[in-house]
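Notes follow the structure.
Every read-out reported here was derived from the displayed coordinates using simple, explicitly stated rules and does not represent laboratory data. Keep in mind that what you see is a predicted model, and the values were worked out from it rather than measured. As a convention, Cβ positions derive from the backbone with ideal geometry for all residues, glycine included, and neighbour counts pool all protein chains shown.
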Amino acid sequence: MVTRLERACVVVLVLVGVAGAILVLAVPARAEDRRPCVSSSEFTRFSFDWTKPRIHRFFETAGRRDGLNTNERRYGRIYPSCGDPEGFVVVAYSRTTHKPVMAIEWNPDD
């Protein structure tokens, strides 16, 4: 006869096995999403309602300051593009809300 403890152990082992199988079978991210760069799909999915820290988390890079896109109302950041080593994404942020006011993706091969 099977005791309650044995039954509970079997249930726990089955759940651990299922969780392990899910982790092993999980689809890995595309290679371009693993580098600290902005993919075209990320560029089209980010929102102008997001703040700079949220965009940095989403792009997985803080980029670098852009002195050309800076004035008293806004400041810019340049993020590397995954599509082309010479490509980049420029996002201009409002100095008051720190939300984007303009975004441009540039890839020289396009």
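If you sort the three axes of the alpha carbon gyration tensor as a ≥ b ≥ c, you get a/c of 1.5 or more for the stretch 64-108 and a/b above b/c, which makes it prolate. Taking other C-beta atoms within 10 angstrom as a stand-in for reagent exposure, Arg4, Arg74, Arg57 fall in the order Arg4, Arg57, Arg74, fewest first.
When Rg and the Kirkwood radius Rh are both evaluated on Cα atoms of the stretch 31-106, their ratio Rg/Rh stands at 0.94.
For Glu86 and Thr51, a Förster radius of 25 Å and the Cβ-Cβ distance give a FRET efficiency of 0.30, rounded to the nearest 0.05.
The ranking of Ser47, Ser40 from fewest to most other beta carbons within 10 Å of each one's beta carbon is Ser47, Ser40. Shown for Ser41, Ser81: other C-beta atoms within 10 Å of each C-beta, ranked fewest to most, produce the order Ser41, Ser81.
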